[in-house]
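See structure below.
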Amino acid sequence: MPHLENTVLCRESQVSTLQSLFGERHHFSFPSIFIYGHTASGKTYVTQTLLKTLELPHVFVNCVECFTLRLLLEQILNKLNHLSSSENRCSTHITCETFNDFVRLFKQVTKAESLKDQTVYIVLDKAEYLRDMEANLLPGFLRLQELTDRNVTVLFLSEIVWEKFRPNTGCFEPFVLYFPDYSIGNLQKILSHDHPPEYSADFYAAYINILLGVFYTVCRDLKELRHLAVLNFPKYCEPVVKGEANERDTRKLWRNIEPHLKKAMQTVYLREISSSQWEKLQKDDTDPAQLKGLSAYTHVELPYYSKFILIAAYLASYNPARTDKRFFLKHHGKIKKTNFLKKHEKTSNHLLGPKPFPLDRLLAILYSIVDSRVAPTANIFSQITSLVTLQLLTLVGHDDQLDGPKYKCTVSLDFIRAIARTVNFDIIKYLYDFL
């Protein structure tokens, strides 16, 4: 179909296979089809477009939204009921508790004239979530055509392979169809297809070529690349709009866009700021310090004392234990710098990496750097556990050790400086390497 070829790009073999499997409307199709591939490989889009273009009766259900058995079964039945009910008759809501009820109700719903002599398609997107539901659900859907004695095909869309689904007890094997990742040529063709009408196709294709040259090594997700293309295009064509260059002056256009693409590359996938904020920063031509990856934004999510716990952990990891008296004791007396800085310690502690420290030392440093008195409550200990869960701290050693637990701080210097800045704490003053 020519319309389908223009709508679904670079998936000709998969479309052809699916059309062959579907056959004529009144033919019995394959009972179950399992479609898998990485995210943004066109599984959902191709399936939906094909079913809509061929005008086949189908129900599309997302297994993330329908997270319980009842929600899933009722969603399928009610959507089918809506398809089968005529325009002048209002369909009633169907309730369904078990898969046995689903089979019985499915037979009733598909008796309707509009669904009688043609294949009904049930599409289950994010099908990997079915594995967490009742054990009889997946084998039941695979054999739904046999159980209901109806012309029905169930399509499973997933990001993981069929071998991860197959139950130990065995089941009916579906037809497996793989959607490979888009190649750089495929991405070029698909993204160039979105060119704005006010610019020529060649001009936009040259921009997409530059964009893929920068981002293809770190990001092959079509959705993310499409988002980046839309976000950075106004900056690319800025010299053309201002009259400083024409559409063929690729060198000047590249020089203008290069620094902005580098900034965008630092925050790819993160969505640390909204698209409108990003566009504003592009217009201001600023080089904001907050666009240095995670280091600038993660601290917003941490509670007040968790920030100080993390700072104390960083100091304990990168300062030798013998220097604690010098840094954290108010009346430590006079300590000669010659004695304090040992001659053999020429290597930076930051180059050697974080050292493990006991919990007692962490708490001692914490009480020293926090202005107000902090009681060693369960709240403080739970925040330490949370930092371990977030992988900002690492628990060293075994759980059954007799002495107290030991930790390591795993964050970078830029990260901890950004956090210290939010609580007005000058961490450089307390680091042995910066004396």
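The values are calculated or read from the model by the stated rules, or taken from the named source; none is laboratory data. On a predicted model such as this, the values are computed, not experimentally measured, just so you know. Neighbour counts run over all protein chains shown; Cβ positions are idealised from the backbone, glycine included. Note: accessible area is taken over every heavy atom of the protein model, side chains too, but ligands, DNA and RNA are not part of it. Shrake-Rupley method; radii C 1.70, N 1.55, O 1.52, S 1.80 Å.
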> So, of the residues in region 50-71 that are open to solvent by less than 20 Å² (accessible area, probe 1.4 Å) and in a helix (DSSP H, G or I), which turns out to be farthest from residue 83 (Cα to Cα)?
Replying inline: 50
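Of all residues in region 113-144, which are out of contact with any Cys (no Cβ under 9 Å at 6 or more places or on another chain), open to solvent by 30 Å² or more (accessible area, probe 1.4 Å) and not acidic (Asp, Glu)?
114, 116, 118, 131, 135, 136
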> Out of region 1-40, which residues are open to solvent by 20 Å² or more (accessible area, probe 1.4 Å) and in a helix (DSSP H, G or I)?
Replying inline: 2, 3, 5, 6, 7, 12, 13, 16, 17, 19, 20, 21
>> Could you go through region 207-215 and let me know if any residue there is open to solvent by 10 Å² or more (accessible area, probe 1.4 Å), modelled with pLDDT of 90 or more and more than 30 Å from the chain's Cα centre (by Cα).
In response: no
>> When you check residue 89 against the structure, is it loosely packed, with under 15 Cβ neighbours inside 10 Å and modelled with pLDDT under 90, yes or no?
In response: yes
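If a residue has to be hydroxyl-bearing (Ser, Thr, Tyr) and open to solvent by 40 Å² or more (accessible area, probe 1.4 Å) to count, how many in region 158-175 make the cut?
So in region 158-175, the residues hydroxyl-bearing (Ser, Thr, Tyr) come out as 158, 169.
Filter once more, keeping what is open to solvent by 40 Å² or more (accessible area, probe 1.4 Å): 169.
Qualifying residue count for the region: 1.
For every residue, the table says whether it meets (1) over 24 Å from residue 45 (Cα atoms); (2) without any contact (Cβ under 8 Å) to a residue 60 or more places away in the chain; (3) in contact with a helix residue (DSSP H, G or I) (Cβ under 9 Å, 6 or more places away or on another chain).
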| position | (1), (2), (3) |
| --- | --- |
| 187 | no, yes, yes |
| 197 | no, yes, no |
| 203 | yes, yes, yes |
| 217 | yes, yes, no |
| 222 | no, no, yes |
| 229 | no, yes, yes |
| 232 | yes, yes, yes |
| 242 | yes, yes, no |
| 245 | yes, yes, yes |
> If residue 182 passes every condition in (1) open to solvent by 50 Å² or more (accessible area, probe 1.4 Å); (2) under 26 Å from residue 227 (Cβ atoms) but one, which one does it miss?
Replying inline: (1)
> Inside region 300-317, can you point out the residues that are of a type in the set (Val, Ile, Thr), at pLDDT 85 or above and more than 18 Å from residue 377 (Cβ to Cβ)?
Replying inline: 311
> Which one is farthest from residue 363 (Cα to Cα), of the residues in region 406-435 that are surrounded by fewer than 17 Cβ atoms within 10 Å (Cβ to Cβ), without any contact (Cβ under 8 Å) to a residue 60 or more places away in the chain and over 30 Å from the mean Cα position of the chain (by Cα)?
Replying inline: 434
> Considering only residues of region 102-112 that are in contact with a helix residue (DSSP H, G or I) (Cβ under 7 Å, 6 or more places away or on another chain) and assigned to a helix (DSSP H, G or I), which is surrounded by the fewest Cβ atoms within 10 Å (Cβ to Cβ)?
Replying inline: 107
